[in-house]
1. Being more than 12 Å from the ligand (Cβ to nearest atom), farther than 23 Å from residue 244 by Cβ and among the polar types (S, T, N, Q): is that true of residue 151 here?
2. Is region 127-147 home to any residue that is more than 9 Å from the ligand (Cβ to nearest atom), at pLDDT below 90, surrounded by fewer than 23 Cβ atoms within 10 Å (Cβ to Cβ) and of a type in the set (Asp, Glu)?
3. Residues that are within 14 Å of the ligand (Cβ to nearest atom) and closer than 20 Å to residue 232 by Cα: does region 164-176 have at least one?
4. Looking only at region 46-53, decide whether some residue is within 16 Å of the ligand (Cβ to nearest atom), in contact with a Ser or Thr (Cβ under 8 Å, 6 or more places away or on another chain) and modelled with pLDDT under 90.
5. Of 297, 339, 359, 303, which residue is within 24 Å of residue 93 (Cβ to Cβ), among the small types (Gly, Ala, Ser), crowded, with 17+ Cβ neighbours inside 10 Å and touching a Leu at 6+ places or on another chain (Cβ under 8 Å)?
6. Only one residue in 176, 95 is outside any loop (DSSP other than H, G, I, E, B) and in contact with a Ser or Thr (Cβ under 8 Å, 6 or more places away or on another chain), so which one is that?
7. Could you please tell me which pairs satisfy a Cβ distance under 7 Å, a separation of 6+ or placement on different chains, a first residue in region 304-316 that is within 21 Å of residue 292 (Cβ to Cβ), and a second residue that is outside any helix (DSSP H, G or I) and among the charged types (D, E, K, R)?
Amino acid sequence: NKATGKNEPNSVPTSPILVSETATFTEPRPRRSKSATPDRESSGSLSMDPKKEDILKSVQGVDRSACEQILNEILVTDEKVYWDDIAGLRNAKNSLKEAVVYPFLRPDLFKGLREPIRGMLLFGPPGTGKTMIAKAVATESNSTFFSVSASSLLSKYLGESEKLIRALFYMAKKLSPSIIFIDEIDSMLTARSDNENESSRRIKTELLIQWSSLSNATAQAEDQTNMLDSRVLVLGATNLPWAIDDAARRRFSRRLYIPLPDYETRLYHLKRLMAKQKNNLEDLDYELITKLTDGFSGSDLTSLAKEAAMEPIRDLGDKLMFADFDKIRGIEIKDFQNSLVTIKKSVSPESLQEYEDWSNKFGSTG
Ligand code: ADP
């Protein structure tokens with residue numbers, strides 16, 4: 001398979017496709033005509049590019065249209081996330097480097113006892129960077145990134161979900177090294193309940209079967225080629241880790257807590273956000289904002305900074321239409337103070353305690 005570079009035994013194959021946003025598996029998009037102008041929204045479903053066509057031609061043993069759906073409906077973009085884009089989370093980054101990035105880049109060193117793990121769970125409050133981390137792992141390990149949201153898989157494609165899951169794992173192996181990122185994974189792995197319907201139970205079973213097939217692939221890997229095939233990691237993210245049933249939880253060899261940002265992380269994040277914006281903020285201002293945002297998630301902080309950045313524009317009123325970009329005033333501390341009136345922290349102290357408790361019980365250290 002040329003696309004994965006397997007013909008060159010000494011090179012570390014890189015993935016031909018990087019998918020960087022959570023595919024939502026919304027309604028199937030109509031195939032665009034060749035004459036249509038490409039736009040950002042549809043960039044993931046451009047009429048079949050030759051590489052994709054080649055890949056699909058060699059599909060065997062799984063539903064080809066499901067494979068096509070996998071290739072088309074996950075957004076293929078050039079957007080990449082690097083470790084430095086993510087504020088804080090040093091432990092999680094180190095853990096992922098050791099468990100995934102290095103093994104994917106140097107498969108020759110990571111075999112036998114050192115073989116890469118098959119499942120990792122990122123859990124914690126919403127907006128703390130779990131999706132960003134998953135994207136960074138894919139970027140930094142040169143992996144193909146399949147990103148699906150479990151809830152949309154369950155709701156929109158109920159009848160087709162099993163087929164899609166099979167196709168997803170098949171494509172992940174085919175285009176390995178791969179990361180299968182499943183957001184809201186709890187909704188696919190909940191403990192069995194009486195009101196669980198038949199199809200969601202079947203989807204869960206299929207996911208577990210396919211997941212096991214990854215470990216078997218490693219066990220059967222006798223030569224370098226097969227071993228490379230097996231470089232696939234299921235990276236799950238959840239805000240509700242306690243909803244995952246015991247057996248499924250154990251499948252994640254590592255369970256990483258992605259907490260709210262601490263003081264240093266918030267300061268770093270704020271400075272990074274403001275670095276690209278004209279502003280009059282002094283060190284003391286940054287410190288004040290950082291203190292006032294205790295309990296904010298990374299995404300709350302981003303919203304706050306966006307809101308503050310709107311203030312100089314609002315000041316202009318109707319003059320905005322004729323304003324010279326260079327003359328627009330810089331963002332000031334008062335803009336942040338105003339934004340703090342509307343943008344509040346989104347995670348309650350009570351739910352934080354729940355995450356801490358679950359982490360103490362089931363989380364991995366480091
Ligand atoms: P989650 O998956 O944990 O819900 P995301 O990774 O989707 O959170 O983060 C949502 C947004 O919040 C990101 O796009 C980014 O703007 C911001 N953000 C959250 N955490 C961080 C972080 N640690 N560093 C930088 N930006 C962050």
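1. When the stated conditions are applied, residue 151 does not pass them.
2. no
3. Checked against the condition, which is being within 14 Å of the ligand (Cβ to nearest atom) and closer than 20 Å to residue 232 by Cα, region 164-176 yields no hits at all.
4. Scanning region 46-53 turns up no residue that is within 16 Å of the ligand (Cβ to nearest atom), in contact with a Ser or Thr (Cβ under 8 Å, 6 or more places away or on another chain) and modelled with pLDDT under 90.
5. Only one candidate qualifies: 297.
6. Of 176, 95, the one residue that is outside any loop (DSSP other than H, G, I, E, B) and in contact with a Ser or Thr (Cβ under 8 Å, 6 or more places away or on another chain) is 95.
7. 312/329
Conditions tested, residue by residue: (1) without any contact (Cβ under 8 Å) to a residue 12 or more places away in the chain; (2) of a type in the set (Lys, Arg); (3) within 16 Å of the ligand (Cβ to nearest atom); (4) under 22 Å from residue 122 (Cα atoms).
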residue: 251; (1), (2), (3), (4): no, yes, no, yes
residue: 259; (1), (2), (3), (4): no, no, yes, yes
residue: 270; (1), (2), (3), (4): no, no, yes, no
residue: 278; (1), (2), (3), (4): no, yes, no, no
residue: 293; (1), (2), (3), (4): no, no, yes, no
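The values are calculated or read from the model by the stated rules, or taken from the named source; none is laboratory data. Owing to the predicted nature of the structure, the values given are computational and were not obtained by experimental measurement. Backbone-built Cβ (ideal geometry, glycine too); neighbour counts: all protein chains shown.
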